[in-house]
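This report refers to the structure that appears directly beneath it.
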Amino acid sequence: MPDFRREQQHGGLVAGVDEVGRGPLAGPVVAAAVVFACGVPDDLAAVIDDSKKLKPALREAIAGRLPHVPGVAIGVGAASTAEIDRINIYHASHLAMQRAVARLPVRPDHVLVDGNRIPDFGCSAEAIVGGDGVSLSIAAASIMAKVVRDRIMARLNVRWPDYGWEKNAGYGTAVHRRALLQTGVTPHHRKTFGTVRQQLEHLKTETRA
């Protein structure tokens, strides 16, 4: 379980940052930054974990409570599918994280990032592989990013219901891949990703035939 030791060891305002949505075939990549200026209440710390390990209902409950924690600061940023296609998913993920930190209502003294690479945040930063299982701030950020992105994909699903985005969040499930073949590519698909790119190339071939 993550804890608050790294934040306490550094001192000052420490932001945990994580992103969600590198792998899906559709939708934006979303990042969140969370600062616990006054620490984390014990009962909340007991349930915060890597967002992938939590059931959706618990993620939603935690995300609903986080803004009301004394001294908390939250920033959320995203990079669109167009930006992902233009600068690639790696750089788009960093852009989303930079935007999340920039949207914090306070300027952090230090940033803890989940992963092994550090974007330029304009302050000191530290990369932690598996950070969402180590740092409460990063874990909280992973939960916020996941909840925000899932809500985005659920809204997009209303307009584009064939792809099952309210359940698969844009990942390449069988339902999603089948809809790509039957319904085609939407404006929200990442056109540089293999499965989507192949479908676009197939459509071009059919058009020429």
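The values are calculated or read from the model by the stated rules, or taken from the named source; none is laboratory data. Since the model is a prediction, treat every value here as computed from it, not as a measurement. Cβ sites come from the backbone with ideal geometry, for glycine too, and all protein chains shown count toward neighbours. We work out accessible area using only protein heavy atoms, side chains counted, and drop any ligands, DNA or RNA first. Shrake-Rupley method; radii C 1.70, N 1.55, O 1.52, S 1.80 Å.
Legend: residues Val76, Val196, sorted from most to least accessible area (1.4 Å probe; ligands, DNA and RNA excluded), read Val76, Val196.
Cα extents for region 165-207 along the principal axes, largest to smallest and rounded to whole angstrom: 32, 19, 16. Think of region 4-159 as a dipole: +1 on every Lys or Arg Cβ, -1 on every Asp or Glu Cβ, centred on the Cα centre; then among Pro70, Val29, Ala125, Val29 lies furthest on the positive end.
For region 4-159, a crude dipole built from +1 on the beta carbon of Lys and Arg and -1 on the beta carbon of Asp and Glu, taken about the Cα centre, is about 480 debye to the nearest 20.
How high is the relative contact order of region 125-201, in percent, with contacts defined as C-alpha pairs under 8 Å that are six or more residues apart?
Working: 52 pairs, mean separation 11.8, N = 77.
Taking the mean separation of contacting Cα pairs over the length of region 125-201, I get 15 percent.
If you build the convex hull over the alpha carbons only and average its shadow over all orientations, what do you get for the chain? Give it in nm² to one decimal.
Working: hull surface 46.6 nm².
Convex hull of Cα atoms, orientation-averaged projection: 11.7 nm².
Sorted by average packing, counted as other Cβ atoms within 10 angstrom per residue and highest first, what order do 150-162, 5-17 take?
Numbers: 150-162: 16.0, 5-17: 19.1.
Highest mean packing first, the order is 5-17, 150-162.
Taking 7 Å steps out from each Cα toward its Cβ at Cys38 and Val106 produces label points 1.0 nm apart.
Inter-label distance, Thr192 to Val175: 2.9 nm, where each label sits 7 Å from its Cα along the C-beta direction. Along region 125-142 the Karplus relation, 6.51 cos²θ - 1.76 cosθ + 1.60 evaluated at θ = phi - 60°, assigns HN-Hα couplings of 8, 9, 8, 10, 5, x, x, 6, x, 10, 10, 4, 5, 5, 4, 4, 5, 5 Hz to successive residues, with x for each Gly and Pro. Kirkwood analysis of the Cα pair distances in region 88-162 returns a hydrodynamic radius of 13.7 Å. For region 52-178, relative contact order (Cα pairs under 8 Å, six or more residues apart, normalised by length) works out to 16 percent.
By DSSP, the beta bridges lying fully in the chain are antiparallel in about 60 percent of cases. Using Cβ point charges alone (K and R +1, D and E -1), the dipole size of region 117-177 about the Cα centre works out to roughly 280 debye.
At 1.4 Å probe size, with the rest of the protein present, what percent of the exposed accessible area of the chain is carbon and sulfur atoms? Mind showing how you got there, number by number?
Working: 5390 of 10010 Å².
Carbon and sulfur together cover 54 percent of it.
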